[in-house]
Each structure stands twice: as C-alpha cells, then as structure tokens.
1. Out of the residues in segment 56-77 meeting the condition of being outside any helix (DSSP H, G or I) and of a type outside the set (A, V, I, L, M, F, W, C), tell me which one is surrounded by the most Cβ atoms within 10 Å (Cβ to Cβ).
2. For segment 69-90, check the following and say yes or no: at least one residue is under 18 Å from residue 9 (Cα atoms), modelled with pLDDT under 95, of a type in the set (Asp, Glu) and out of contact with any strand residue (DSSP E or B) (no Cβ under 7 Å at 6 or more places or on another chain).
3. Check 170, 200, 181, 176 and return the single one that is among the polar types (S, T, N, Q), exposed (fewer than 15 other Cβ atoms within 10 Å of the Cβ) and part of a helix (DSSP H, G or I).
4. For segment 74-95, name all the residues that are over 19 Å from residue 129 (Cα atoms) and not charged (D, E, K, R).
5. Please enumerate the residues belonging to segment 1-38 that are of a type in the set (D, E, K, R) and assigned to a strand (DSSP E or B).
6. Checking residue 111 against (1) among the charged types (D, E, K, R); (2) modelled with pLDDT under 95; (3) closer than 24 Å to residue 220 by Cα, which single condition isn't satisfied?
7. Looking at 187, 220, 139, which one is in contact with a Pro (Cβ under 8 Å, 6 or more places away or on another chain), under 15 Å from residue 24 (Cβ atoms) and in contact (Cβ under 8 Å) with a residue 12 or more places away in the chain?
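The values are calculated or read from the model by the stated rules, or taken from the named source; none is laboratory data. Keep in mind that this is a model prediction, so the values were computed, not measured. Counting neighbours? That spans all protein chains shown, and the Cβs are built from the backbone with ideal geometry, glycine included.
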Amino acid sequence: MNDMRIGITNQKGGVAKTTNTINVAGALAELGHDVIAVDADPQGYLTNRLGHNNAYTTNADSLFEALKEPRDYDIGRDLAVSHPEFDILPAHVDMFRAEQELIAAGWKPRERLSLLFDHGGIDDWDIAVVDAPPSLGPINDNVLLACEGILVPVETDEMMQLALEHLLNQIETLEQRYDTQIKERGILVSDVNYPLDNEQQRMLDWFEDTFGGRCPVFEIAHRVAIARSIKQGGSIFGEDAEDTDMTDVYLAVAEEVASHA
C-alpha cells in the first residue's frame, strides 16, 4: 500500500473538507498527475458541486452497490465519470442506507472500499483523493483503511482540539484492529482570516506544536476566489478560475502528497 490513495477526513462538519478535496485534486492534476476524486460522503457535496447531480440519483449501478459487492465492479468501466480537471467516482444518495447496513454488519465491512480499490482498478489513476464523510462511522473507517494516508482539514476553532482527539483515537483503534498504519500527511488550516486575532494565533500555534513534528501544517487563507471556483464546478486550477495566491499553497500540499506516492 502506498499513498497514491489519500483520504481527506475530519468528523467535524464545516471545515472545508470538500473544498479542500477538490482543490487538492486540482493541484495534483495541475502537477501532471492522473487523478480521480472519490466522493465517499453520502451527502454527495463533491459530486453535486462538480456538476454530476444525475450520478448522485441515478438508477444505474453506483458506489452504493460497489460497497456491497466490491469485487464485482471496475471503477473506470462501471462507476467513474469525467470532469475537465480530473475523473470522479461519484457518491450516491443510497449511501445513507449503506452506512446503516455497515454498522449492523460489524467490523469486517470497514474493508469494503479497500477491496473495491484493490480489485476495481484504482491503480489506473496515479493518485486517488477521497472525500470522507463528516462522521466517525463505518464509511469514514473505510476511507481511513483504504488510504492509509490522510490530510486533515481544520479551522481555527477551539473545538478542533476535541475533534482531532476523537479522530486520532479512532485511527489508533483501527491501527490496532487491522494491524496497519494510517499516517497524517498534512494539516490543512482552512479559511484563515488575516490579520490574525488571538484565538486564530493560539490555534495555529497549537496545530504546529501538536503536528509540526509529524507532518506539515498548511495555512489556507479565506479567499472569495476559492468559493467562486467551487460554485462554478471546479478547483482554483480550473480553466476559468479566478487568480488567487492560494494556488501556491495547494500546489505545496499536492507536492507533499505526491512525494509519498
């Protein structure tokens, strides 16, 4: 297993998880990698933001069926859709039911996404960037086990300390149960407003003190251009995206991810 599969995860909502997934995928594509963005969130924000509303409600086979029978599907042939910047493995509204079924089935179903990736041709792409749901449920566990390398989006909110404690405890549990290692590849501090107030500075210092020896901490400033590019259905690297100074930050994140692939 290598880090051509990178999960973007935080069980706390509102931390720009999908925005970061889209822009990291866009940055990796900008660097010349063949990328697929995997929407593992039943809410389907990535799928819908990137213009594939029909895939989210299709009657055709989807990621929902593939999670139930992962050895029966080829991602490129059966599931993936195209986008001008990178390919997408869309979410489906039925994945809300999948989460309940996985909970009822115990620990073994937390390896369904790994099986799909291993048998479904995810290696056809250089790097898969996986958008995890904002929870510590079984689909998020599937993402952690399938990727074994993660980026963690956070904001400068004091509740982040508790949220990260929960995430790290869950990672430790999975590592022990599945005899694996799940490595942090970066902390993405999103929506930072300058000049920094005392709380933002305190939290930035805490992120650096806590994770600086384990992985890079990237600061992503609040920029209207980022939100506009998402509304237009692409990353800040898209053909029609506005210029923003955050392209250099996302390219640095992409280079860090690619260095482990």
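1. Filtering segment 56-77 for residues outside any helix (DSSP H, G or I) gives 58-62, 69, 73-74.
Those still in the list that are of a type outside the set (A, V, I, L, M, F, W, C) too: 58-59, 61-62, 69, 73-74.
Details: 58: 15, 59: 5, 61: 14, 62: 24, 69: 12, 73: 21, 74: 14.
Step by step, filter segment 56-77, then rank; the result is 62.
2. In the first step, residues of segment 69-90 are kept if they are under 18 Å from residue 9 (Cα atoms); the result is 88-90.
Going one step further and asking which of them are modelled with pLDDT under 95, we end up with none.
No, segment 69-90 has no match at all.
3. Working: 170 fails: exposed (fewer than 15 other Cβ atoms within 10 Å of the Cβ); 200 fails: exposed (fewer than 15 other Cβ atoms within 10 Å of the Cβ); 181 fails: part of a helix (DSSP H, G or I).
Matching residue, one of 170, 200, 181, 176: 176.
4. Taking segment 74-95 first, the residues over 19 Å from residue 129 (Cα atoms) are 93-94.
Once the filter is applied, which keeps residues that are over 19 Å from residue 129 (Cα atoms) and not charged (D, E, K, R), segment 74-95 yields only 93.
5. Narrowing segment 1-38 to residues of a type in the set (D, E, K, R): 3, 5, 12, 17, 30, 34.
Residue satisfying the conditions is 5 alone.
6. Residue 111 satisfies every listed condition except (3).
7. Within the list 187, 220, 139, the selection yields 187.
A quick yes/no check of all residues on (1) hydrophobic (A, V, I, L, M, F, W, C); (2) in contact with an Asp or Glu (Cβ under 6 Å, 6 or more places away or on another chain); (3) without any contact (Cβ under 8 Å) to a residue 60 or more places away in the chain:
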{"position": "21", "(1), (2), (3)": "no, yes, no"}
{"position": "62", "(1), (2), (3)": "no, no, yes"}
{"position": "67", "(1), (2), (3)": "yes, no, no"}
{"position": "87", "(1), (2), (3)": "no, no, yes"}
{"position": "102", "(1), (2), (3)": "yes, no, yes"}
